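FYI, it's all coordinate maths here, none of it is from the lab. Just so it is clear, the model here is predicted, and its values are computed rather than measured. Cβ sites come from the backbone with ideal geometry, for glycine too, and all protein chains shown count toward neighbours.
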Ligand SMILES: *Cc1c(COP(=O)(O)O)cnc(C)c1O
């Protein structure tokens, strides 16, 4: 039986092998391995791609969040409002700085922050909001920015899953005060190792982040330190690989969108709920998330037929064991809790064949018959 993975990175590699190998060999021979010309070029290219002024390469997407919140002055005693329906790193970055994540329930259709519930959670300790463009669809940024302006809050877009997505014709990364990307291998733009980047239009934030990623080094000189920083740098090899891949990102995202439309069409008459894509946004389907009755049964059925699936996210963050002392109870954020019981990803990647999508959709139909 043919096995279909959730994501096929080997198939992607086969299509770009020559260019990637050339880029990697160039780096090996260059003698520059960390924060060199490839990183600088990638920073400019990703900033341009996102309609932002500055790009700052760092070690991974989690560090990108931590360093940005740190640079924005988030620390002990502060509260940061975010979504409970995201990868753990979003809230972890807040906790890592000694601040407190405050969770707001999500919209049942988009799974993004329900912006109508943010206002009630803002108080004098609130410092920032982190909207997460979950699964590749931009959050309601106009509403978030209006609240932020009214209450002088910092807005950090967690765009780890959404590089290339658009909101009302504007690129993700240009919507908040800063945005973070992850180059973890499975992301839409993934390296062959860890990597991350922050984009912003703010020159002060840019220079602070450039300092923080290298131990808080003073802009003046190497062994003079003006901040307590981190060691979180992007390496030349990853940057060179990512530069090759960035050239394909737009067409890969388009292929994902095309596949998603086919799934949508084929699954229309089944009991599963296909992803809602708002008309004024460009969803890039980092994951194709359906809502299914008897999710475990469907996952088992697909697995028995050689099709990999995964549950995103099985435990909303406010109910994570480590956050017990934040005091949330089951029932506090009912939409996120209901979503976590029903949501799962079907295979979706640019190289996936139309034939396989039809086959998978058929397996879903058969399961519910
Ligand atoms: C992947 C991801 C991160 C973390 O990125 P890493 O590069 O794995 O550290 C943060 N937030 C979201 C929403 C993610 O999907």
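Among 204, 44, 330, determine the one that fluctuates most according to a GNM of the chain built with springs between C-alpha atoms less than 10 Å apart.
330
How many times 2.2 N^0.38 Å is the alpha carbon radius of gyration of region 249-368? Write out the running numbers ahead of the final one.
Working: Rg = 15.8 Å, N = 120, 2.2 N^0.38 = 13.6 Å.
Relative to the rule-of-thumb radius for its length, region 249-368 sits at 1.17.
Quick one: if the Förster radius is 56 Å, what FRET efficiency do residue 315 and residue 207 give, using the C-beta to C-beta distance and rounding to 0.05?
Working: r = 38 Å, r/R0 = 0.68.
The value I calculate is 0.90.
Over the chain, with a Gaussian network built from C-alpha contacts below 10 Å, which listed residue (130, 284, 118) shows the highest mean-square fluctuation?
118
With a 10 Å Cβ neighbour count serving as the proxy for reagent exposure, in which order, fewest first, do 235, 114, 19 appear? Please report the intermediate quantities before stating the final value.
Values: 235 22, 114 19, 19 16.
In increasing order of surrounding Cβ atoms, one gets 19, 114, 235.
Where does the chain land at 222 nm, in deg cm²/dmol rounded to the nearest 500, when only DSSP H runs of n ≥ 4 count, each adding -39500 (n - 2.57), divided by all residues?
Numbers: 10 runs with 140 residues, N = 369.
The helix-only estimate for the chain comes to -12000 deg cm²/dmol at 222 nm.
Find the centroid of the Cα atoms in region 270-334 and in region 165-218, then give the distance between the two in whole Å.
Comparing the Cα centres of region 270-334 and region 165-218, I get a distance of 26 Å.
Counting DSSP beta bridges in the chain, what percent are antiparallel, to the nearest 5? Let's see the in-between values first.
Working: 24 of 39 bridges.
Of those bridges, close to 60 percent are antiparallel.
Taking the Cα-to-Cβ direction at residue 308 and at residue 45 and moving 7 Å from each Cα, how far apart do the two end points lie in nm?
Taking the two extended label points, one gets 2.6 nm.
For residue 14 and residue 53, calculate 0.36 nm times their separation in residues minus their Cα-Cα distance, and state this gained length in nm to one decimal.
The residue 14-residue 53 span can extend by a further 10.7 nm.
Considering only C-alpha atoms, what is the centroid distance from region 118-158 to region 49-101, in Å?
Cα centres, region 118-158 to region 49-101: 13 Å.
Of 199, 322, 335, which is the most mobile in a GNM of the chain whose springs link Cα atoms less than 10 angstrom apart?
322
Treating the chain as a set of equal point scatterers at the Cα positions, no solvent, please give the Debye-formula log₁₀ I(q)/I(0) at q = 0.08, 0.09 Å⁻¹.
Here log10 of I(q) over I(0) equals -0.40, -0.51.
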